[in-house]
Amino acid sequence: MRKFCTQFFLLGLLASFVGCGSTKEIVLQTLEPSPVHISQKIKRIGIVNRSILPALEEDEIGLNRMVAAEEQWLSEKGRNAALTGLFNELLKDNRFETVKILDSIPQEILHFEMGNDSISWTTVESICNTYDVDAIFSMAFFDTETKVSIKKTSMIQPNLMRVKVKVPAQELTLETLIENGWKIYYPNSKEIIDEIVFNDQVISKGKGTNPIEAYKAIEDRKETLVEQSKASGSNYGQRLLPFENSVERSYFARGTTNFEQASVLVENGDWQGASQFWQKELDNANSKIAGRACYNMAVLNEINGDLTAAMDWASKSYKVHEIKDATKYLDILEYRLFQNQILEQQVSR
């Protein structure tokens, strides 16, 4: 478990001093708990599609009708791709014994009630009992909107003599916004565990002698939109997993020759060597210098994954030597310790 909740990677070292002070910054990568906490009682998952296909506007003509028809196609293929992306991601999560896409539920059962965009708990409980699942992952909606813009340009194409010449043309740009929302229902506690909306944009361009030809010249647009939709479902599944996060920490690099020599070693990635110089200052008669050394030992222990020891050193830096920066650092370490307890529960499953 230790490797999960105390794993740090030194990403980079900023060599410049912060302002005119005596500290330098380092950037660490920490492993954070999933933003979505799933109860250990949830072992069987049902995925439902609650999104509604848009109707094709009958009064649209020409290019607008072609784009509208493609959006309707995307709404069907895209939402299925998003559901598949989530399904595949949940299958890889060994916390769950069963993952099902519940595509046989009549749409009227999942209807929206007036003034409430959530599925009623009576319906959720009925679905869970019928399909033998513990929780419902619901695609609340899947919407697409495309903005069409055209500008004059030119293009090279062969004439009747097969000689390539520059001709007037039009460039068509399609900016498609894909928006889909997800909810997780847990009937045992009547709790919506998570609720989030994802937004993705796909921009496609094409050139032609007229807007229709420019539209036909756009390549792989449908495939790109479907893949992006699938990725959104996969990203939601990954939201249930721990993630890496970059954080900044400061350490004291000035005060005595030992601090300056230690700073050179830190810049070369030799934290253990740097600690030997800091240890020489722990009993310095100057309380400020000793406090800075304690503070740096706290940072070292956080990097090594020992948050308890890091808190002890930070506490000594503040309580014994009155280093004010240590109070904020203590709060950070306490929060990290709390987060690691949650992380331990998540990865232990």
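Taking ARG249, is it touching a residue at least 24 places away in the same chain (Cβ under 8 Å), under 17 Å from THR23 (Cα atoms) and either open to solvent by less than 10 Å² (accessible area, probe 1.4 Å) or not in a helix (DSSP H, G or I) (or both)?
yes
Which one is nearest to LEU240 (Cα to Cα) among residues in segment 188-214 that are hydroxyl-bearing (Ser, Thr, Tyr) and either open to solvent by 30 Å² or more (accessible area, probe 1.4 Å) or under 20 Å from the mean Cα position of the chain (by Cα) (or both)?
So, considering only residues that are hydroxyl-bearing (Ser, Thr, Tyr) and either open to solvent by 30 Å² or more (accessible area, probe 1.4 Å) or under 20 Å from the mean Cα position of the chain (by Cα) (or both), the one nearest to LEU240 (Cα to Cα) is SER189.
Tell me which residues, restricted to segment 63-91, are aromatic (Phe, Trp, Tyr) and more than 18 Å from THR176 (Cβ to Cβ).
The answer is PHE87, and nothing else.
Among the residues of segment 197-232, how many are of a type in the set (Lys, Arg) and within 30 Å of PHE137 (Cβ to Cβ)?
Result for segment 197-232: 3.
Would you point out which residue out of ILE105, ILE127, ILE101 is surrounded by 13 or more Cβ atoms within 10 Å (Cβ to Cβ) and closer than 14 Å to LYS183 by Cβ?
ILE127
Kindly evaluate ALA140 against the criterion of being in a strand (DSSP E or B), touching a Ser or Thr at 6+ places or on another chain (Cβ under 6 Å) and either of a type in the set (Phe, Trp, Tyr) or open to solvent by less than 60 Å² (accessible area, probe 1.4 Å) (or both).
no
Return yes when LEU307 is within 30 Å of ASN94 (Cα to Cα), out of contact with any strand residue (DSSP E or B) (no Cβ under 8 Å at 6 or more places or on another chain) and crowded, with 19+ Cβ neighbours inside 10 Å and no when it is not.
Judged against the criteria, LEU307 is a match.
I want to confirm something. Restricting to segment 234-246 and keeping residues that are of a type in the set (Ser, Thr, Tyr) and part of a helix (DSSP H, G or I), which single residue is surrounded by the most Cβ atoms within 10 Å (Cβ to Cβ)?
That would be TYR236.
With respect to ASP283, is the statement that it is over 33 Å from the mean Cα position of the chain (by Cα) and open to solvent by 60 Å² or more (accessible area, probe 1.4 Å) true?
It is true that ASP283 is over 33 Å from the mean Cα position of the chain (by Cα) and open to solvent by 60 Å² or more (accessible area, probe 1.4 Å).
Can you confirm whether ARG221 is basic (Lys, Arg) and within 26 Å of ILE332 (Cα to Cα)?
Judged against the criteria, ARG221 is not a match.
The values are calculated or read from the model by the stated rules, or taken from the named source; none is laboratory data. For clarity, every value in this text was computed on a predicted model and none was experimentally measured. Here Cβ is always computed from backbone atoms with ideal geometry, including for glycine, and neighbour counts include all displayed protein chains. These accessible areas exclude ligands, DNA and RNA; they are computed on the full protein's heavy atoms, side chains included. Shrake-Rupley method; radii C 1.70, N 1.55, O 1.52, S 1.80 Å.
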